[in-house]
Amino acid sequence: MRIPTPLSTTAIAAAVLALPGTATAAPAHLSPLQPAVSLAADRLATADLVAAAKWGTGSPIDDPAREQQVLDNVAAQAQQIGADTDEIRRIFRDQIEANKVVQRGLYAQWTAHPDQAPTTKPDLNTVRQTINAINTALVQALADTTPQRTALTCRPELTVAAVEVTHEKHPDLLHTKALARALPHICRD
């Protein structure tokens with residue numbers, strides 16, 4: 001197994017950030033990894049709600065018990081569909097860490113600019129139901145793309161997928177950085 005280097009994450013982020021700022025008609029998907037990367041981006045979008053739910057409550061961003069529960073759940077789902085449970089755990093560890101990148105970034109922003117802090121708190125249990133549904137879909141997308149994720153072309157395909165998703169969803173810089181953090185173990189190399 002290859003341990004991802006900062007360069008691989010940086011290369012993905014650089015490719016994503018190099019996109020033109022103007023949107024045109026949505027391109028046909030060029031990468032078979034686009035659905036998995038899109039789900040990773042959707043999962044990252046929930047980080048805003050998680051941060052808002054925790055903000056000002058004293059609840060820490062790091063929640064080892066919840067993280068273990070997520071990892072156990074996705075591993076069980078992977079086992080049920082015949083996917084590699086260790087691989088799914090590694091990929092979802094990246095998802096969790098990427099989510100925390102967004103939460104920490106938002107906390108820093110809200111601390112520096114209290115007027116931008118959320119004034120309402122989403123129900124964390126409801127947000128977690130959304131996360132669980134995305135997790136289930138992501139486990140399936142990862143299982144469905146195992147041949148592409150084990151191919152020599154995986155890294156370029158992953159970069160193309162990240163560019164496609166960024167073009168489609170228009171994330172801000174914080175979420176773009178977090179998306180790059182969510183992807184290092186997608187490719188098996």
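Data overview
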quantity	calculated
Cβ-Cβ under 9 Å pairs, at least 6 apart or on other chains, the range 171-189 side closer than 17 Å to residue 93 by Cβ and among the small types (Gly, Ala, Ser), far side open to solvent by 40 Å² or more (accessible area, probe 1.4 Å) and in a loop (DSSP other than H, G, I, E, B)	178/171
Out of 153, 111, 119, 136, sole residue that is closer than 20 Å to residue 43 by Cα and among the β-branched types (Val, Ile, Thr)	136
Per-region count, the range 103-158, residues of a type in the set (Ser, Thr, Tyr), in a loop (DSSP other than H, G, I, E, B) and surrounded by 12 or more Cβ atoms within 10 Å (Cβ to Cβ)	2
Residue among 86, 62, 48 that is assigned to a helix (DSSP H, G or I), open to solvent by 20 Å² or more (accessible area, probe 1.4 Å), without any contact (Cβ under 8 Å) to a residue 40 or more places away in the chain and of a type in the set (Asp, Glu)	86
Filter pass, residue 183 being within 18 Å of residue 45 (Cβ to Cβ), out of contact with any Lys or Arg (no Cβ under 9 Å at 6 or more places or on another chain), modelled with pLDDT of 95 or more and open to solvent by 10 Å² or more (accessible area, probe 1.4 Å)	no
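The values are calculated or read from the model by the stated rules, or taken from the named source; none is laboratory data. Everything numeric here is computed off the predicted structure, so don't read it as measured data. A quick note on method: Cβ atoms are made from the backbone with ideal geometry, for glycine too, and the neighbour counts reach across all protein chains shown. With ligands, DNA and RNA removed, areas are computed over all heavy atoms of the protein, side chains included. Shrake-Rupley method; radii C 1.70, N 1.55, O 1.52, S 1.80 Å.
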